[in-house]
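Notes to accompany the following structure.
The values are calculated or read from the model by the stated rules, or taken from the named source; none is laboratory data. Keep in mind that this is a model prediction, so the values were computed, not measured. Positions of Cβ are backbone-derived with ideal geometry, glycine not excepted, and every protein chain shown enters the neighbour counts.
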Amino acid sequence: MKKRLTALFCVLFVILAMVPAQALTGEGTRAADILATLNIVRGSYNVNDTATRNQAAVILVRLAGAESTAQTANDSSLFTDLAEWAKADINYAYTQKWVNGTTGNTFGGDEGISATAYCSFMMRMLGYTYSDFSYDNAVTFARHMGVISRDYSGLLTRGDLFELTAGALTATYKDSTETVISRLVSSGAVSSAAANALGLTGGELTARQVADRYMAAVFQLDTYESQIYIDAQEPSANASGFFISADGLAVTNYHSIDGAIKGVITLSSGEQYPVDSVLYYDPDIDIAVIRVSTTSVDGVKTPGFVYLQTASRDTLRAGDEVYAIGNPLGLGLAISSGVVSSVSREVERYALPCIMDTADISQGSSGGALMNIYGQVVGVTSGAFVYGNNMYLAVPIDPIFTADLTGQGQTLAQVAVIEAAKTADQAS
């Protein structure tokens with residue numbers, strides 16, 4: 001599954017209604033229902049109306065579980081144009097450095113809230129500062145950190161505002177594993193019964209929930225086998241990978257990096273980061289652990305990456321539902337679902353028995369994440385039986401549990417030289 005397709009001819013005849021590239025009414029209403037159950041949204045939804053900065057600030061404070069504190073804090077700010085009903089929340093959010101005004105001493109509460117502004121508000125509420133991101137790239141950064149699952153632009157409707165806010169419920173605070181919803185529950189602002197009923201605090205996940213929460217932790221991997229490919233800025237192969245730590249540790253297949261001298265990963269946000277080193281690899285098992293740089297190819301430093309939890313292959317049983325996220329055909333990240341056909345299928349190519357399942361993968365999916373219904377990685381999507389139907393293979397994640405990942409590792413080019421020498425020795 002390594003080599004990139006040299007050509008892809010795809011003719012699509014699609015008739016689309018001309019609609020704004022924002023939240024659909026149904027999505028905004030669905031998100032509003034979730035937030036209303038948690039007492040974050042109150043009253044009429046009016047999802048097609050333009051959301052205001054006043055409304056955004058009030059909802060942000062409720063999302064933080066700080067409404068009661070804000071009402072009794074007597075905080076002040078430099079703003080002179082605050083509506084009485086939103087004044088306490090805006091003053092509190094300003095004191096916490098979550099929000100800012102428009103110009104001078106005005107908050108501009110009746111003005112529309114932009115996607116950039118609200119994503120900036122949310123990320124600062126989560127503990128990030130402008131040393132972690134810039135105002136202008138707030139939307140990209142929110143997607144980078146898995147707070148939102150798609151891009152937004154321009155002014156938000158109320159439906160957009162609800163959708164962004166609901167998506168942030170399962171996001172984590174900076175340098176923490178605590179989620180927004182878990183803090184709301186622990187603070188008493190939201191009941192655990194309500195959070196559980198909405199599927200926000202553990203339990204089985206749908207494909208939609210897995211995609212929304214974890215797509216940001218999976219990436220497209222482009223590799224280059226020679227300087228010719230590098231100079232042409234044309235990858236020699238496409239593959240996939242996923243993060244297992246916030247500081248850039250990631251997993252892929254060995255065959256996805258075999259022979260490569262350079263690698264670049266692309267996140268769902270579109271950001272690109274170079275592969276720094278290979279910390280562990282095993283050609284026979286077909287697994288590798290790489291370290292991705294925390295500085296993008298554009299020179300932007302990131303405070304971290306969204307990453308996936310892992311679980312042993314032993315937790316699986318035949319018939320269990322699984323999800324595969326990867327980069328099929330090099331077209332970008334995608335999710336598929338299926339069931340485990342066999343937990344331990346012996347395959348000649350692999351030194352360890354593989355997980356066989358029916359979650360669709362294609363060329364380019366190699367190195368992607370095979371996840372259980374709890375959002376934990378159990379395998380690395382690797383291949384398929386050519387003449388079989390829905391007989392896809394994943395390498396179990398288990399070998400990385402005992403691998404030494406503490407060293408500096410080797411560059412991709414160094415690994416290529418080492419393995420080429422081994423092949424030459426075996427041939428002689």
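Residues of segment 194-221 that are surrounded by 22 or more Cβ atoms within 10 Å (Cβ to Cβ) and farther than 15 Å from G167 by Cα: A217, V218, F219, Q220, L221.
Note on segment 61-83: residues that are part of a helix (DSSP H, G or I) and either of a type in the set (A, V, I, L, M, F, W, C) or closer than 20 Å to V41 by Cβ (or both) total 9.
In segment 271-327, counting only strands (runs of 3 or more DSSP E) that sit wholly within it, the ones holding 2 or more residues that are more than 19 Å from T358 (Cα to Cα) and either β-branched (V, I, T) or in contact with a Lys or Arg (Cβ under 8 Å, 6 or more places away or on another chain) (or both) span 272-282, 287-292.
Annotation: S268 fulfils all but one of (1) touching an Asp or Glu at 6+ places or on another chain (Cβ under 7 Å); (2) of a type in the set (S, T, N, Q); (3) surrounded by fewer than 24 Cβ atoms within 10 Å (Cβ to Cβ); the unmet one is (1). When D286, D298, D231, D247 are checked against the criterion of being without any contact (Cβ under 8 Å) to a residue 12 or more places away in the chain and of a type in the set (D, E), D231 stands alone in meeting it. Residues in segment 184-201 that are farther than 12 Å from G65 by Cβ and out of contact with any helix residue (DSSP H, G or I) (no Cβ under 8 Å at 6 or more places or on another chain): A193, N196. Kindly check whether there is at least one residue in segment 217-239 that is within 21 Å of Y307 (Cβ to Cβ), under 20 Å from the mean Cα position of the chain (by Cα), assigned by TED's automatic domain parsing to the domain that holds A403 and assigned to a helix (DSSP H, G or I). Checked against the condition, which is being within 21 Å of Y307 (Cβ to Cβ), under 20 Å from the mean Cα position of the chain (by Cα), assigned by TED's automatic domain parsing to the domain that holds A403 and assigned to a helix (DSSP H, G or I), segment 217-239 yields at least one hit.
For segment 353-371, taking the residues that are surrounded by fewer than 21 Cβ atoms within 10 Å (Cβ to Cβ) and in contact with a strand residue (DSSP E or B) (Cβ under 6 Å, 6 or more places away or on another chain), the one that is nearest to N238 (Cα to Cα) is identified as D360.
I'd like the full set of residues that are loosely packed, with under 15 Cβ neighbours inside 10 Å and assigned to a loop (DSSP other than H, G, I, E, B), limited to segment 101-115. Passing the criteria: T102, G104, N105, D110.
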